[in-house]
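In what follows, a single structure is set out as structure tokens and then discussed.
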Amino acid sequence: MDIIPILTSIIAGYFMGNLMASYLITKWVMGFDIREHGTGNAGGSNSFMIMGWKNGLIVGVIDVLKSFLAVYIIKILYSGHPDLSMLIVISGSMAVIGHIFPFFMNFRGGKGMACFMGMCLGINAPIGLYCILFVIVTTIITDYVAVGSIIAYIVLPILLAIMPEIIFGYPETYNLYTVTIALIASMVGIWKHRGNIKNILNRQETGLREVLKKHSN
């Protein structure tokens, strides 16, 4: 197995993930570190709660785009490579990891869901759109972003294991490395949601409707 494409995918994905829109935009708009307010999370959900839906949406779009670009760059660089499927999953997964553990922010980042959706969008646009729609609909129904996010994190490695052709949009067979990489990223993402899980179970989680009501006043 050629190590150079793998290293390129790891580096490109991780450094794209380190482009922390939530931190930079909050610093610019509000003048403070977003990690010191709200949930303490440097991601789209906390940006939405702290800055309102407009700035929160900007943050979310940038987070989606950075992992999408991480995947797309590898698609261009290694088009036709026999392990392209694995390489784009590596790059997308590392963008998620880079967002969760950004080196220049002492590894205190976000929870990676917007990046995860961008990764899916980059791998296969229809699947990515379904993922985004699923998270939005689940959030509206349950009132909690975390519910759809956790389910999405669980489903991707399963589909990569049993129906990889659906995820990639072309004939593909099971690849242990690809599934393992996606599983690691998903497990880290779910682990980052452990506080949300606890709060939901204790009925202490801040819901979408509460946030919208706050920013509409």
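We did not get these values from a lab; they are worked out from the coordinates using the rules stated. Just so it is clear, the model here is predicted, and its values are computed rather than measured. Here the Cβ is made from the backbone with ideal geometry for all residues, glycine too, and neighbour counts use every protein chain on show.
The label point for M30 and the one for V137, both projected 7 Å from the Cα toward the Cβ, are 3.2 nm apart. Dividing the mean sequence gap of close Cα pairs (under 8 Å, 6+ apart) by how many residues the chain holds gives a relative contact order of 20 percent. Once the chain is represented by equal point scatterers at the alpha-carbon sites, with solvent omitted, what log10 I(q)/I(0) does the Debye formula produce at q = 0.14, 0.15, 0.16, 0.18 Å⁻¹? Values returned for q = 0.14, 0.15, 0.16, 0.18 Å⁻¹ are -0.79, -0.90, -1.02, -1.26.
The modelled label-to-label distance for the pair I158/Y177, using points 7 Å beyond Cα in the direction of Cβ, is 2.7 nm.
Using a 10 Å cut-off on Cβ atoms, rank the peptides 158-166, 108-116 from the highest mean neighbour count down.
108-116, 158-166
For the residue pairs K27/K54; K27/K75; K111/K198; K54/K111; K27/K192; K27/K111, the alpha carbons lie more than 26 Å apart in K27/K75. For region 39-133, the alpha-carbon radius of gyration amounts to 1.11 times the rule-of-thumb value 2.2 N^0.38 Å expected for a compact globular protein. The simple Förster model, with R0 at 22 Å and r as the Cβ-Cβ distance, assigns R108 and Q204 a FRET efficiency of 0.50.
When shorter helices are ignored and each DSSP H run of at least 4 residues is given -39500 (n - 2.57), the per-residue value for the chain at 222 nm works out to -23500 deg cm²/dmol.
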